[in-house]
Structure formats: structure tokens, C-alpha cells
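As C-alpha cells, the structure follows; a few thoughts come after it.
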Amino acid sequence: MTPPPPPQRRLTVVLSADVVGYSALMERDEAGTLERLKASRRQIFDPCIAKHDGRIVKLMGDGVLVEFASVISAVQCALEVQQANRAGSDGTGEPIRYRIGINLGDVIVDGDDIYGDGVNVAARLQALAEPDGVAVARTVRDQVAGKLAAEFVDCGEHAVKNIARPIHVFAARVADAQGGPAATPAPARERLSICVLPFANMSGDPEQEYFSDGITEDIITDLSKVSALAVVSRNTAFSFKSKSVDVRHVARQLRVTHVLEGSVRKAGNRVRITAQLIEGASDSHLWAERYDRDLNDIFALQDEISEAIVGALKLRLLPAEKKAIEQRSTTNPEAYKLYLMARQYNAMGNSRHRDITVRFCQRAVEIDPGYARAWALLAICQANHRMVNVGTGDTGWDAAERALALSPDLAEAHAAKGRILGDAGRYDEALAEHTKALRLDPDGYEVNAVAARCYIPMRRYREAIDCLEKAAAAIENDFWALGMAVQCYEGIGDDEGMKSAARRGLERVEKLIVAEPDHGLAIGWGVTSLTALGEVERAKEWAARAMLLEPDNLNLRYNLACSMVTLGEATMAIELLGPVLERAQRQNLIWFRSDNSLDAIRDDPRMQALVAAAEARLASSAATQAPPETAAASKA
């Protein structure tokens, strides 16, 4: 077979732009925000790009990726966009404001699209830019310095997610006719921003980690509802978890004005929370408090902490914002605790835990039938449980519908419904749900993980990779997302990306099986990583161990079969798949027909015989099942 041609590469200038606070704007005024965004693009953005010979590569909701042949043209365009956008605000509705990042780098060309480090660095620069600002890489500054009426402020080196080397960042600003910085109307005060570091678990029990993480996430969510405060995302904040950090360094690295840190100690029905708000520039404490409360007071305590932070920052909490903070999916502390525990077990990725997660969620909604987030997680867990148990059990459909009825704007609820529809092969309907979910919560683990599961059988690997990398960033010990990313990077011919995902996934698996040496599914995903890294003998040794630990785990058998195909062990792969296909349900065959990991054996007569037998068995059974039906064993 003729090998595919190597990917085409070229050096180009990449501009990445994103709307500041887009999710919050949409939540407050969806129709008005969309209208203002369209007007901004029509009147300002698109004409500026055309004027400077840029090419819009793609639009991504509130984001846009543009390619330029000239560094000078890209920077000039960005500065003009920001100037025109500031001047063009008419005072009706909340203004559309952009962050823009520009990089000069190597990209992979695929038709009209571009990928690779050159694009990734531009996106990271955009995230580091101030609202209404332009952040550029050092290579861009070096090419443009002295050739434009612009000033470049050195912002130092920044370590950013998924980029091995630090990025040296410069802020580009328009200069006046004398070469000095232009007089730009300054806001009345510096835009306040905060990073909520993961609260330390001081309970003396590692299993209580779920509770301290839950408290942290809820505080991040509450503070994100304050329009005058910019809050670092949960994924970025949790990248500092379990690390000894210097607060001033964190503030400088993330370019935030304040950092919140604290600890949680839970014992029985009592909880102690300490919190301190620190000014990043001076490393001085603005506010600190210790709370000793009954667990039944946990929600009032979270409200109190959030309002105390707002007060310490001398911000005014609008009535609607105060109401939003006080509105929670549940007010029952026992249901809340069970939900957090279910999330923790679900994140562990152990097949034996999937029944536990279902029971915990079921108990949570028994206690509080109006708990939308618990219903949504129950739907996802039931879909997983059905997969492990080969088509038996609840599909999760009713739970997903209940979650949506209770909270139509809950991201996890749309994700759950999308997961079930996708497993049934109803991709158009599924993608509509996933699009809503990703708009509502672009960084959430559950949201990105289930969206990726929909993209993969459609062979839309690039979109899947975006979701999988976000999912991997959301939970530090998750190995599933990186294991699936290995397959997707392989699917687009990105060997470097595949090996990077494999190395990171293997590191997580190795750490996990020290604590859980009988975690067969994790060892199986370790085989995926070892195979991608060319460690053949170790991969086979791990595969044998995994099968001894969990010989009846159909997910494990499927995953190991995919690795054996890659290793050229077709007979072993088909032997592993035999029991899976003997018990497969109708929707299982979606994965068998679409999974690129099985391409090499799909035409093998032995494989075709197994699939034909499964199809004949399913056709003869004529069992009536309530749609939508989920898949059984595949890459769960």
C-alpha cells in the first residue's frame, strides 16, 4: 500500500482572536450579543483583514483564526481592529471586546485549514492578551520593531498549557507620531482579575479530595458571575493543584491582580474552611478568614466567601449577580456530597466504579429530585454502565430529559443527551446538543469528553483532539482522554502529537497503578501509549497482565485488540474481539465500522465472519428497544 504523502508545512503568520467574556455575555443577552458580534465582524474585523491581505481560516463561535503572509500586515491589522472596535462602541448593550494573539511559526496545511504549533502558540498568546489588547511572540516583535508606529512592552516568558517551551510575550500598542505610546483612554481603575487556586485537602484522607475540589469549583463558578471581575478558568487554576507555588509568580504568569488560596478540613458533619485573598503585585493579604461550620451550612458558607471576596475587592455586587450566586442546583448537603463523590468515582476511570457512580447519582436525586446536575451526571453514568454491561440497563435518556427540564441551560444536561444520541448513531442531533454544551461550558470535563466520543466515529479527529485535550487538562489523573487522543492524532497523521499524548497518558497511568495495581482498564490504556511509543515488549507484557486482571472486561478486550492491530498481531486482535462481537448490540457495530484502529483487519475474512454473525444474531432477535439505544462495548 502506498504510504500517505507527508503533511505539507509552511512558515506563516497566524492571528488568533477571541471575544472577552463571551459566555457571560451570551448568558445575559444571547440575541443582543450575537447581533453586536456580527456587526463588529461585518463593519470592523472583516474589512481590516481584507485591507491587509489576510485570509480567514475559520470562525469558531466567538473566535477567529486568520493567516497573513506578512508580519507587519498582521500586527497593523490587529492594532487597527482594536482601535476601531473601541471607537465604534455605540453604548447600546455590553460592548464586544477582543483579545488578539499573533505568532510567526510553522504550520501543517490541510486543504484550507492550518494546524500545529504555529497555531497553538497564537491561541496561547491570545489568551495572555489584555482585553482590547494585542499579544505577540518575540519572533513577531523582532520582525516588526522599527517598521511600525507601535510600541512593544516586554511581558516576560510564560509557561503555557501543552507547549513545552516558555513563550516570550510582548504587548503591542499603537505609538503616537513622536514614537511614544499613544494616549489611550484609561479605565477608571485597573481591570480586576483573580485566580482561585485549588483549596488544599487538610482532612487527612485522600478520599476527601472530591470535597475540597468541589468547594474550589463552586467558588470559581460564583465569582465568574460577577461582571466586574475576570476569573481564571477552572482548567488553568487546577494546573497548579498539588504544587508548591509562589503567589506572585502565579499572578505574574497568569497576569491576574489577585489570587485566592485556602484549605478545607472535613470531619464527620463539620467542615473548616480557611481562605485568604492576596494581591499579586505586593504579595500582601487583603482578606483572610477561617470558618468552622456544620456541613448543613455549606451553601450559605460558599455564598459568604464569595461575597466577602467581592467586598474585599471593593466591587459592587449587582442584585442580579447576587441572586445568581445564591441560586444553586441543590440546597441539600447530602445530595451535594453524593454528587461530588459520584464525579470523583467517574473520573477514576475504573470499570468497577461505574455501578457505584450510578447508585450515588440515583441516591442524590432521590434525596433532591430537583437536582439537575445530578440527573445529568446520572444520564452519563448510565450510558457508561450500559456500555460496560453490553446493552443492558437504562440508556440514560430519561435522566437526561429530566435534567434539561429542570435546567435548560445546564451544559452537562445537553452533553448527556448528546452522548446518548451519538451512541445511537444520530450524529446530527447529537452535534446540536454538544454545540450547546460547549458554548455553555467550553472547558468542562464531561462536556468535552462526550463531545469527543461523538466526533471520533465520524472521523472528525481534529475537533475530537480539541475536546480531548481540554478534557485531559480538566482532570489531572484522567488517562482516557489522552488514550483516545493517541488514536486521533494518528488519524490525522500527526506523529509528534500522537507521541506527546502517549507520553502524557503513560505518565498518568504509571502514577495511577502504583496506587491501584489491579486497575486493568488503566493498564490497557497504558498498552495504547506503549504501542504508540514503540515499546513493543513492554506493551505485550502489560496486555497479558491486564487480561489476567479483568478477563471479562469487554472495553478492555476492545482496547487491547486495537493495540494488537497496531503491533501487527492480527490473530491476537481477532481473538480478543471474538467475545465482544458475540455479545455486541446493534449500536456496537458503529465503532467496529468506523474505528480507524481496526482498519488493518476490517477486510480480514475472520473479522468479517464475526461481524456477519453479530449482524445475523441481532437481525433474528427482532427485540424492540426504546430509542435512543446506546452502544455497548467500545472505547469507553
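The values are calculated or read from the model by the stated rules, or taken from the named source; none is laboratory data. What you see is a predicted model, and the numbers here were worked out from it, not measured in a lab. Positions of Cβ are generated from backbone atoms using ideal geometry, with glycine treated the same way; all protein chains shown enter the neighbour counts.
Pull out all pairs, ordered by first then second residue, where Cβ-Cβ is under 8 Å, the residues are six or more apart or on different chains, the first lies in segment 212-231 and is touching a residue at least 24 places away in the same chain (Cβ under 8 Å), and the second is buried (at least 23 other Cβ atoms within 10 Å of the Cβ) and of a type in the set (D, E, K, R).
G214/R343
Could you tell me whether any residue of segment 546-569 is assigned to a loop (DSSP other than H, G, I, E, B), surrounded by fewer than 15 Cβ atoms within 10 Å (Cβ to Cβ) and modelled with pLDDT under 90?
Here is the first cut: in segment 546-569, the residues assigned to a loop (DSSP other than H, G, I, E, B) are 550-553, 567-569.
Going one step further and asking which of them are surrounded by fewer than 15 Cβ atoms within 10 Å (Cβ to Cβ), we end up with 551-552, 568.
Those still in the list that are modelled with pLDDT under 90 too: 551-552.
Yes, segment 546-569 contains a residue that is assigned to a loop (DSSP other than H, G, I, E, B), surrounded by fewer than 15 Cβ atoms within 10 Å (Cβ to Cβ) and modelled with pLDDT under 90.
With the checklist (1) farther than 20 Å from K266 by Cβ; (2) assigned by TED's automatic domain parsing to the domain that holds E261; (3) part of a helix (DSSP H, G or I); (4) touching a residue at least 12 places away in the same chain (Cβ under 8 Å) in hand, flag the one item L301 doesn't pass.
Failed condition: (1).
Hey, can you tell me all the residues within segment 297-331 that are touching a Gly at 6+ places or on another chain (Cβ under 9 Å) and either under 18 Å from A24 (Cα atoms) or modelled with pLDDT of 85 or more (or both)?
Looking only at segment 297-331, we keep the residues that are touching a Gly at 6+ places or on another chain (Cβ under 9 Å), and these are 305, 317, 329-330.
Once the filter is applied, which keeps residues that are touching a Gly at 6+ places or on another chain (Cβ under 9 Å) and either under 18 Å from A24 (Cα atoms) or modelled with pLDDT of 85 or more (or both), segment 297-331 yields I305, L317, T330.
Mind listing just one residue for me: the one in segment 22-42 that is hydrophobic (A, V, I, L, M, F, W, C) and modelled with pLDDT of 80 or more and, of those, surrounded by the most Cβ atoms within 10 Å (Cβ to Cβ)?
Step one: list which residues in segment 22-42 are hydrophobic (A, V, I, L, M, F, W, C), which gives 24-26, 31, 34, 37, 39.
If we keep only those that are modelled with pLDDT of 80 or more too, we end up with 31, 34, 37, 39.
Working: A31: 8, L34: 13, L37: 18, A39: 13.
Step by step, filter segment 22-42, then rank; the result is L37.
Kindly provide the set of residues from segment 581-596 that are surrounded by fewer than 24 Cβ atoms within 10 Å (Cβ to Cβ), of a type outside the set (F, W, Y) and part of a helix (DSSP H, G or I), ordered by number.
Residues satisfying the conditions are L581, E582, L589, I590, R593, S594, N596.
Quick grid of which residues meet (1) in contact (Cβ under 8 Å) with a residue 40 or more places away in the chain; (2) surrounded by 23 or more Cβ atoms within 10 Å (Cβ to Cβ):
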position	(1), (2)
F479	yes, yes
M484	yes, yes
E496	no, no
A502	no, yes
L506	no, yes
I513	no, no
G524	no, yes
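So, restricting to helices (runs of 4 or more DSSP H) that lie completely within segment 1-70, which ones have at least 2 residues that are of a type in the set (A, V, I, L, M) and out of contact with any strand residue (DSSP E or B) (no Cβ under 9 Å at 6 or more places or on another chain)? Break it down stepwise before answering.
Values: elements: 22-28, 30-40, 46-51.
Filter on segment 1-70 gives 22-28, 30-40.
Whether any residue in segment 492-501 is basic (K, R), assigned to a helix (DSSP H, G or I), at pLDDT 90 or above and within 19 Å of S597 (Cβ to Cβ) is what I want to check. Spell out how you get there, then give the answer.
At the first step, the residues of segment 492-501 found to be basic (K, R) are 499.
Adding the requirement that they be assigned to a helix (DSSP H, G or I) leaves 499.
Going one step further and asking which of them are at pLDDT 90 or above, we end up with 499.
If we keep only those that are within 19 Å of S597 (Cβ to Cβ) as well, we get 499.
Checked against the condition, which is being basic (K, R), assigned to a helix (DSSP H, G or I), at pLDDT 90 or above and within 19 Å of S597 (Cβ to Cβ), segment 492-501 yields at least one hit.
What residue, among those in segment 529-545 that are small (G, A, S) and in a helix (DSSP H, G or I), is surrounded by the fewest Cβ atoms within 10 Å (Cβ to Cβ)?
Here the residue is A544.
Among the residues of segment 461-476, is there at least one that is free of Cβ contacts under 8 Å to residues at least 24 places away in the same chain, of a type outside the set (D, E) and farther than 25 Å from Q8 by Cα?
no
Among the residues of segment 576-596, is any of a type in the set (V, I, T), free of Cβ contacts under 8 Å to residues at least 40 places away in the same chain and more than 18 Å from A485 (Cα to Cα)? Spell out how you get there, then give the answer.
In the first step, residues of segment 576-596 are kept if they are of a type in the set (V, I, T); the result is 580, 590.
Then drop every residue that is not free of Cβ contacts under 8 Å to residues at least 40 places away in the same chain, which leaves none.
No, there is no match, as no residue in segment 576-596 is of a type in the set (V, I, T), free of Cβ contacts under 8 Å to residues at least 40 places away in the same chain and more than 18 Å from A485 (Cα to Cα).
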